[in-house]
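Notes follow once the structure below has been shown.
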Amino acid sequence: MRMRASLVERRPQGRPELIPLPRTIDDASTNFSIDAVNEPPASQDIFDRKGSRGRSEFDIRHNFVANANYELTFDHHWALRGWQISGIASIHSNVPFTPVLAFDNADTQSLILAQRPDPIGNPYVGSCPNGARVGTPTCWFDPSAFAVPPPGQFGDAGRNMLRGPAFAQLDLALRKRFQLTESKQITISAEAFNLLNRPNFAVPSNTQSPLTQGGNGDAVFKDGAGDFANNTGRIFSTVRAARQVELAARFVF
């Protein structure tokens, strides 16, 4: 595994310092089929490891987190004292995933199918064979942007070349503190996780390895005739939970 970081230099003369932009690149992110989800756990060509060099399966290119906390300071009435509101906003890009073939086109006779198709177009425009628009959970990318390589050859599509849906979540908490005595207080809080109830989708993964029931990328073609694999480009799961609300009380003494 190899890791690389793109660093932006420090600016002199009092200019603001730019934050480093991390980027993780390797030719394999896991050694076990059961751990792989968005890519196969092997190179498509064991004699050309550089041909599988690309984004790591855990690489998140952009990440933004904001945390805010505000305490009301109205002291003229007891009912307005001790109120506190806080929130956390998390927005980041998703991990990448790999388009693969669901059959042994290169005749490697391996239990792990890590072969990829040839790119011939833009996978982020158009529609899927089911008629759904690209960029939706039922059609995240256009499989027509790929083609089956000639028999006995490996495809040119990059490992982890496709990006998954972005993630966004807002958590909010409201608390009220009751000061009973100098050393005793009660705090009642209401906390909402994923307040906007936004569905955050995982990457498409319609493949199953003989060694595991998990996904090992997203299969585009199921045979050499160019027939699309079942549910290609479709997302089956989400990450994180739907909206959750919690009520809590704490006594400090």
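Every number in this text was worked out from the coordinates using simple rules, so none of it is lab data. What you see is a predicted model; the values in this text were computed from it and never measured. Here Cβ is always computed from backbone atoms with ideal geometry, including for glycine, and neighbour counts include all displayed protein chains.
3J(HN,Hα) couplings calculated from phi for the stretch 146-153 with the Karplus curve 6.51 cos²θ - 1.76 cosθ + 1.60 (θ = phi - 60°) are, in sequence order, 10, 9, 6, x, x, x, x, 10 Hz; Gly and Pro show x. Packing-based ranking of 125-135, 225-235 yields 225-235, 125-135, ordered from highest to lowest mean Cβ neighbour count within 10 Å. For N160, the residues whose amide H sits under 5 Å from its own are T98, ignoring neighbours fewer than 5 places away on the same chain, with H placed 1.01 Å from N. Taking the fewest neighbouring Cβ atoms within 10 Å as the starting point, the ordered list for S52, S189 is S189, S52. Mean projection of the Cα convex hull over all viewing directions, computed for the stretch 99-240: 12.3 nm².
Work through the residues other than F141 whose Cβ is under 11 Å from its Cβ and net out their charges, Lys, Arg +1 and Asp, Glu -1. Neighbourhood net charge equals 0.
Counted by Cβ distance under 10 Å from R55, the other residues give a net charge of +1, where Lys and Arg count +1 and Asp and Glu count -1. Count Lys and Arg as plus one, Asp and Glu as minus one, and take only other residues whose Cβ is under 10 Å from that of R198; the net charge is then +2. Our coupling estimate for the stretch 218-228, obtained by passing each phi through the Karplus curve with A = 6.51, B = -1.76, C = 1.60 and θ = phi - 60°, is 10, 6, 9, 10, 9, 7, x, 7, x, 6, 5 Hz, Gly and Pro reported as x.
Taking θ as phi - 60° and the Karplus parameters 6.51, -1.76 and 1.60, the scalar couplings of the stretch 230-247 work out to 5, 6, 5, x, 9, 9, 10, 9, 10, 10, 6, 9, 6, 4, 10, 10, 10, 10 Hz in sequence order, x denoting glycine and proline.
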